[in-house]
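The values are calculated or read from the model by the stated rules, or taken from the named source; none is laboratory data. Fair warning: this is a prediction, and the values are worked out from it, not measured in the lab. Quick reminder, even Gly has a Cβ in these numbers, built from the backbone with ideal geometry, and neighbours come from all protein chains shown. The area values use the complete protein model at the heavy-atom level, side chains included, leaving out ligands, DNA and RNA. Shrake-Rupley method; radii C 1.70, N 1.55, O 1.52, S 1.80 Å.
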Amino acid sequence: MEPELLSMVPRPVCAVLLLFPITEKYETFRTEEEERIKAKGQDVKSSVYFMKQTINNACGTIGLIHAIANNRDKMNFETNSSLKKFLEDSLTMTPEERAKYLETYEAIRVTHESSAHEGQTEAPSIDEKVDLHFIALVNVGGHLYELDGRKPFPINHGETSDDSFLEVGRENLECCNAEFLLISTKIIFKNYKNICMSCLYIMIG
């Protein structure tokens, strides 16, 4: 997205979902980035909610969980929300334990599958090979974090703010050739709709 278009987006934006193709170039970049971080280290705040992805073709659901989990204080959950319960139950778990918990969490699995089938495009099966991938960008404590369940850890892309969040995200992740799906603090999450496909349906109040 061009800078002049980003400037038209209402602020603040609390999270961004990125959809991009998994290419050989990106996989090479991902491997090199992980090796560099493992060698040099990075600072990651303990308050960052991160989980691994162990379910095939669930990157959209994982991305949305990452976006909401790291903005819980801004969300208005419905009474008896299964997502709210999942987040509360998994708050003290490790990223691997959260992934295992999601595998057995029936309410989110059913919602994911039923909502995907509401879309205009047929949803991929759990075993189908998909070359598109969702990740989330969030602002936690004034730092921009990339949260990708395929990676071993969150990636700290440096300082950001409510005003610069989109611009910093764009500068750091141009290599992905991604589409931006913006999540503002005004969004009311009522359900998932086709989030593993190319569109994320959202309601803006």
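Using packing as a proxy for protection, rank 101-107, 59-65, 49-55, 135-141 so that the peptide with the highest average count of other Cβ atoms within 10 Å comes first.
So the order, starting with the most tightly packed, is 59-65, 135-141, 49-55, 101-107.
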(message) Rounded to the nearest 10 Å², what accessible area does Glu32 have for a 1.4 Å probe in the complete protein model?
(response) 100 Å²
(request) Post the alpha-carbon centroid distance, the stretch 15-34 to the stretch 63-105, in whole angstrom. (result) 24 Å
